[in-house]
Amino acid sequence: MKKLSYSSLFLFALAGAVMIGCKGKEKLPKGETEINIPCSGSDYFTNNKFFRANSLGESMDLVASKKKAMDNARAELAASIQSTVKTVTDNYLVSREFNNKEELEERFEQLNRTIVNQTLSGIKTICEKQVKTDKGNFKTYVAIELSASDIVSKYHESLSKEERLKIDYDYEKFKETFEKEMDKMGNR
């Protein structure tokens, strides 16, 4: 009896594992092949804690391929940050309902560019892979990230120094608006 129950239990577990394994694999349309790109996928998406970007660079020189990949990823990261902060700024200014809204928007925009350029120096590489193609070129895949809280801190620091903005600036309201926007990104 013990032998039968152990065998039944083993077969049941095996059948469950096979069913789970088969369920995870989707059938692709005929003529299509799935590609797994290094340093990409959901682990490398922007979330509510980090801005993230990934890219690749290709060159006959290994160092040049890495430089291209990092430059592309930095540009993507900067664009993402600028876009998000623009949205945050617009929402923040609307919620504050200032009379001099246009002037403030212009100043926030200038500050945005400056801060993004300064903050990019704090980038952390979270994935890097190099491969050599069959044509002899080098490809570098990278994924980078930047802490969202570091960006908010830089904004606070810069806005606190800007005399004309300091009067109308509410750090807690700006931070709250920023966090709401980051939460939206984390849910995509």
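Residue-by-condition table, conditions (1) among the polar types (S, T, N, Q); (2) touching an Asp or Glu at 6+ places or on another chain (Cβ under 6 Å); (3) at pLDDT 95 or above:
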position: Glu32; (1), (2), (3): no, no, no
position: Gly41; (1), (2), (3): no, no, no
position: Thr46; (1), (2), (3): yes, no, no
position: Leu62; (1), (2), (3): no, no, yes
position: Arg74; (1), (2), (3): no, no, no
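In the range 56-84, the residue that is nearest to the chain's Cα centre (by Cα) out of those that are surrounded by fewer than 18 Cβ atoms within 10 Å (Cβ to Cβ) and hydroxyl-bearing (Ser, Thr, Tyr) is Ser80. Listed by first and then second residue, the pairs with beta-carbon distance under 9 Å, at least 6 apart or on different chains, first residue in the range 80-91 and without any contact (Cβ under 8 Å) to a residue 60 or more places away in the chain and closer than 19 Å to Phe50 by Cβ, second outside any helix (DSSP H, G or I) and of a type in the set (Val, Ile, Thr), are Ser80/Thr46.
Can you name the helices (runs of 4 or more DSSP H) wholly within the range 85-188 that have at least 1 residues being surrounded by fewer than 15 Cβ atoms within 10 Å (Cβ to Cβ) and modelled with pLDDT of 80 or more?
Details: elements: 101-119, 148-161, 163-166, 171-186.
Ranges flagged: 148-161, 171-186.
The values are calculated or read from the model by the stated rules, or taken from the named source; none is laboratory data. Keep in mind that what you see is a predicted model, and the values were worked out from it rather than measured. Ideal geometry is used to build each Cβ from the backbone, glycine not excepted, and the neighbour counts take in all protein chains shown.
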